[in-house]
Amino acid sequence: MKFDHPVTVGIDGKQIVVDDAAHARDVLIERWPGKRGPRHRDALETSLKVIDGHRSTVEAEIRFREAAREAGILAEPAPALPHSQ
């Protein structure tokens, strides 16, 4: 149930790395800031279905990332800097 690419969110001034559907479910239920809109609901539903074995982990990762982006808590990775030679 691990995500291919962990999702980092910023909640209450802390960076939280979510790397599987169970952790996504916990964050969505217990730590989610602000309003819980349709993307939040979709992310939670998908995470629960992954845990039950009815959906793919990739779908849960995508839905969680979308919900975090909509809520304004997605911590986008910094762009890679070119190496100087």
> Which one of these does Gly34 not meet: (1) touching a helix residue (DSSP H, G or I) at 6+ places or on another chain (Cβ under 7 Å); (2) at pLDDT below 95; (3) at negative phi; (4) not aliphatic (A, V, I, L, M)?
Replying inline: (3)
>> Suppose we filter the stretch 50-65 for residues that are in a helix (DSSP H, G or I) and either in contact with a Leu (Cβ under 7 Å, 6 or more places away or on another chain) or surrounded by fewer than 16 Cβ atoms within 10 Å (Cβ to Cβ) (or both); how many remain?
In response: 2
> Counting just the residues of the stretch 3-25 that are among the aliphatic types (A, V, I, L, M) and not in a strand (DSSP E or B), which one comes out surrounded by the most Cβ atoms within 10 Å (Cβ to Cβ)?
Replying inline: Ala24
>> Please go through the stretch 37-49 and give me each residue that is surrounded by fewer than 20 Cβ atoms within 10 Å (Cβ to Cβ) and either aliphatic (A, V, I, L, M) or touching a helix residue (DSSP H, G or I) at 6+ places or on another chain (Cβ under 6 Å) (or both), ordered by number.
In response: Arg39, Asp42, Leu48
> Residues of the stretch 53-75 being among the basic types (Lys, Arg) and under 12 Å from Arg25 (Cα atoms), which ones?
Replying inline: Arg63
>> Looking at Asp26, Asp19, can you tell me which residue is under 17 Å from Ile73 (Cα atoms), modelled with pLDDT of 95 or more and either among the hydroxyl-bearing types (Ser, Thr, Tyr) or out of contact with any strand residue (DSSP E or B) (no Cβ under 7 Å at 6 or more places or on another chain) (or both)?
In response: Asp26
> Can you tell me which residue in the stretch 20-38 is farthest from the chain's Cα centre (by Cα), limited to those that are of a type in the set (Lys, Arg) and more than 19 Å from Pro6 (Cβ to Cβ)?
Replying inline: Lys35
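The values are calculated or read from the model by the stated rules, or taken from the named source; none is laboratory data. Only a predicted model underlies this, so the values are computations on that prediction, with no experimental measurement involved. In this analysis, Cβ positions are derived from the backbone assuming ideal geometry, glycine residues included, and neighbour counts consider all displayed protein chains.
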